[in-house]
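Each remark here refers to the structure printed beneath this line.
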Ligand SMILES: [Zn+2]
């Protein structure tokens, strides 16, 4: 069961003292390839440096998260463009809109997002998208670029069935995290998972966040029991399989195939 984790926040300080061990554990758990999510210019650079140490296994994205949009300017876009010249940098993002937390002013988020969508169209590398409580505006920002868009994935999808349907109709992929294991808080995701065809989904841990509910406590890191790791990706696979009523191997095979084609591995 070879897996690809398309979203890991490995530069988060929860990993600062044991990155090598976390990667080693994930490899043992058959997570064959891992993509580190860039959320700022600084951390996209840091993700690239780690990725370069494990050629063919680790990759990075380059982007500015909506939370970080307040620090965005033209020089930042230029810096992302330079990062995207590296072969290990496989996508633009994460970028998008987050009107849930509103850590950056909404109009700045929109400008920062549009600049990165345009950049992705120029360099023709896939888009790694983040949308929270901003569905309408998000689609509005993307609409003018529709004809030029590279492949796009909306990561950590927790939206409604109707939103999922719209994203699929747009041609986007959906990324699912351990949120799917939280069948109380995200009960509506069962109908989403049943609806989304296997050939349009990818999987991610979004570690150190979004810890799956079904990870046994014996596997958690004793000193950081709330920390999610790429090595726990199989629990996302199991949740999806259970709710779709199929075998975990089918989810693993399809999501790996999708990620390979999407990111060009
Ligand atoms: Zn995100």
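The values are calculated or read from the model by the stated rules, or taken from the named source; none is laboratory data. Treat the numbers as computed from the prediction; the structure is a model and nothing was measured. Glycine also receives a Cβ, built like all others from the backbone with ideal geometry; neighbour counts cover every protein chain displayed.
Summary table
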{"quantity": "Conditions (1) under 29 Å from residue 17 (Cα atoms); (2) more than 16 Å from the ligand (Cβ to nearest atom); (3) in contact with a helix residue (DSSP H, G or I) (Cβ under 6 Å, 6 or more places away or on another chain); number of the one not met by residue 219", "calculated": "(3)"}
{"quantity": "Which listed residue is surrounded by 18 or more Cβ atoms within 10 Å (Cβ to Cβ), at pLDDT 95 or above and in a helix (DSSP H, G or I), from 159, 231, 136", "calculated": "231"}
{"quantity": "Residues located in region 200-228, provided they are within 14 Å of residue 179 (Cα to Cα) and under 16 Å from the mean Cα position of the chain (by Cα)", "calculated": "202, 203, 204, 205, 206, 207, 208, 209, 210, 211, 212, 228"}
{"quantity": "Region 45-59: number of residues that are surrounded by 17 or more Cβ atoms within 10 Å (Cβ to Cβ) and closer than 22 Å to residue 203 by Cβ", "calculated": "5"}
{"quantity": "Number of the condition not met by residue 167 [criteria: (1) surrounded by fewer than 21 Cβ atoms within 10 Å (Cβ to Cβ); (2) within 16 Å of the ligand (Cβ to nearest atom)]", "calculated": "(1)"}
{"quantity": "Subset of region 19-40 that is assigned to a helix (DSSP H, G or I) and touching a residue at least 40 places away in the same chain (Cβ under 8 Å) - its residue that is farthest from the ligand (Cβ to nearest atom)", "calculated": "28"}
{"quantity": "Residue tally, condition more than 11 Å from the ligand (Cβ to nearest atom), in contact (Cβ under 8 Å) with a residue 12 or more places away in the chain and either surrounded by 23 or more Cβ atoms within 10 Å (Cβ to Cβ) or under 23 Å from residue 259 (Cα atoms) (or both), over region 85-111", "calculated": "7"}
{"quantity": "Residue 175 vs. criteria touching a strand residue (DSSP E or B) at 6+ places or on another chain (Cβ under 8 Å), at pLDDT 95 or above and part of a loop (DSSP other than H, G, I, E, B)", "calculated": "no"}
{"quantity": "Extreme residue, nearest to residue 176 (Cα to Cα), among residues of region 121-149 that are away from the ligand (no atom under 14 Å from the Cβ) and within 16 Å of the chain's Cα centre (by Cα)", "calculated": "126"}
